[in-house]
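The values are calculated or read from the model by the stated rules, or taken from the named source; none is laboratory data. Keep in mind it's a predicted model, so treat the numbers as computed, not measured. Ideal geometry is used to build each Cβ from the backbone, glycine not excepted, and the neighbour counts take in all protein chains shown. Only protein heavy atoms, including side chains, enter the accessible area calculation; ligands, DNA and RNA are left aside. Shrake-Rupley method; radii C 1.70, N 1.55, O 1.52, S 1.80 Å.
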Amino acid sequence: MAKRKLSNPLALAVLSMCAETPRHPYEMAQVLRQRGKQASIKINFGSLYTVVQNLEKHGFIEAAGTERDGRRPERTVYGITEAGRAELHDWLSELLSVPVKEYPQFEAGLSLAGSLPPDEVEALLRKRLATLDDGVSVAAATLEECRAVLPDVFLVEAEYALAMQRAEAEWLRGLLRRMETNTLSGLDGWRAYHATGAPPQEWTDLEERASRLSRPD
């Protein structure tokens with residue numbers, strides 16, 4: 001995949017807004033929030049202006065005139081350029097068709113969870129699961145309310161987010177069950193490490209084996 005001049009998802013949202021009709025940045029933010037896009041794209045009014053400036057600098061959007069709202073000062077409205085339409089199409093096509101490795105914070109936390117005692121980790125994960133379950137209930141209810149007034153095509157990102165929350169909750173339930181029943185392999189070594197302060201021999205052996213495998217021939 002080619003490196004993009006801009007990679008902020010907010011820039012993609014601005015391109016989409018400008019492709020519909022020329023808009024000034026404040027209107028872009030309003031429309032994005034009205035459509036609920038803040039649930040999937042971080043929308044910050046200050047950074048939005050910077051994104052607009054960068055898109056204009058790279059030739060993806062351009063000033064398309066000014067407009068005045070009542071007695072307020074004139075504001076520049078921006079429209080998409082041909083280069084911007086090509087970037088919008090290429091960027092969206094890539095996002096929708098090509099899986100990429102992302103780095104969720106929870107995954108990072110799991111990878112380093114061994115630094116805490118297993119009983120503490122179990123308690124923390126149960127707290128997370130309770131929060132997730134509450135969030136799933138609220139999201140599911142909200143989605144059903146939206147279905148009463150919106151076609152499904154406008155709700156696919158909300159459906160995806162809810163499916164991911166449910167999947168994480170179910171995975172967490174399974175992990176906690178294995179921790180509770182002591183069927184998670186390596187759990188005894190984890191407990192021993194925090195009881196003695198020294199890694200168990202099997203961990204040391206694994207580390208040495210991994211080190212040998214990673215050495216160039």
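Only Lys, Arg, Asp and Glu carry charge here, each on its Cβ (+1 for the first two, -1 for the last two); on that basis the chain has a dipole of about 580 debye about its Cα centre.
Please compute the per residue accessible area over the chain with all protein chains in place, 1.4 Å probe, rounded to a whole number of Å².
Details: 14750 Å² over 217 residues.
Heavy-atom accessible area per residue stands at 68 Å².
Using the Cβ-Cβ distance between Arg128 and His58 with R0 = 45 Å, the FRET efficiency computed as 1/(1 + (r/R0)^6) comes to roughly 0.65. The C-alpha atoms of the chain define a longest principal axis, and helix 187-196 lies at about 80 degrees to it.
Highest mean packing comes first when the peptides 182-193, 25-36 are listed by Cβ atoms within 10 Å, giving 25-36, 182-193.
For the chain, the longest principal axis of the C-alpha atoms and the axis of helix 201-214 are separated by about 50°.
Each part gets one Cα centre, and for the stretch 116-154 versus the stretch 169-217 those centres are 29 Å apart.
Here the relative contact order of the stretch 11-134, from alpha carbon pairs under 8 Å that lie six or more residues apart, stands at 25 percent.
Is there a quick way to get the dipole size of the stretch 115-212? I mean about its Cα centre, with the Cβ of Lys and Arg at +1 and of Asp and Glu at -1; what is the value in debye to the nearest 20?
Working: 11 positive and 18 negative charges, 36 e Å.
Magnitude of the dipole: close to 180 debye.
Taking label points 7 Å from Cα along the Cα-to-Cβ direction, Arg191 and Leu96 give a separation of 5.2 nm. Based on DSSP H segments of at least four residues, each scored -39500 (n - 2.57), the chain has a per-residue ellipticity at 222 nm of -20500 deg cm²/dmol. Here Asp119 sits with roughly 100 square angstrom of accessible surface, probe radius 1.4 Å.
Once the Cα atoms are used to define both axes, helix 45-57 deviates from the longest principal axis of the chain by about 70 degrees. When Val51, Val149 are compared by accessible area at a 1.4 angstrom probe, the order from most to least is Val149, Val51.
Per-residue extension of 0.36 nm, minus the Cα-Cα distance of Ala108 and Leu213, leaves a gain of 35.4 nm for this segment.
What percent does the relative contact order of the chain come to when contacts are Cα pairs within less than 8 Å and at least six residues apart?
Working: 142 pairs, mean separation 33.2, N = 217.
Relative contact order, the chain: 15 percent.
Heavy-atom accessible area with a 1.4 Å probe sorts Cys146, Cys18, largest first, into Cys146, Cys18.
Checking a compactness column here: for the chain, what do you get for Rg(Cα) / (2.2 N^0.38 Å), N being the number of residues?
Numbers: Rg = 24.3 Å, N = 217, 2.2 N^0.38 = 17.0 Å.
It is 1.43.
What spacing in nm lies between the two simple spin-label points modelled at Ala83 and Thr66, each 7 Å away from Cα in the Cβ direction? Here the modelled spin labels are 2.5 nm apart. Restricting the calculation to alpha carbons of the stretch 1-116 gives Rg and Dmax of 17.1, 61 angstrom. Placing unit charges on each Cβ (+1 for Lys and Arg, -1 for Asp and Glu) gives the chain a dipole about its Cα centre, and among Pro22, Gly114, Leu150 the Cα reaching farthest toward its positive end belongs to Pro22. Length gained on full extension, Arg75 to Val138, computed as 0.36 nm times the residue gap minus the Cα-Cα distance: 18.8 nm.
Computed over the Cα atoms of the stretch 86-180, what is the ratio Rg over Rh, Rh following Kirkwood? Mind showing how you got there, number by number?
Details: Rg = 17.3 Å, Rh = 16.0 Å.
Taking Rh as the inverse mean 1/r over Cα pairs, Rg/Rh reads 1.08.
Near the amide H of Ile43, within less than 5 Å, lie no amide hydrogens of residues on another chain or at least 5 residues away, with H placed in the peptide plane.
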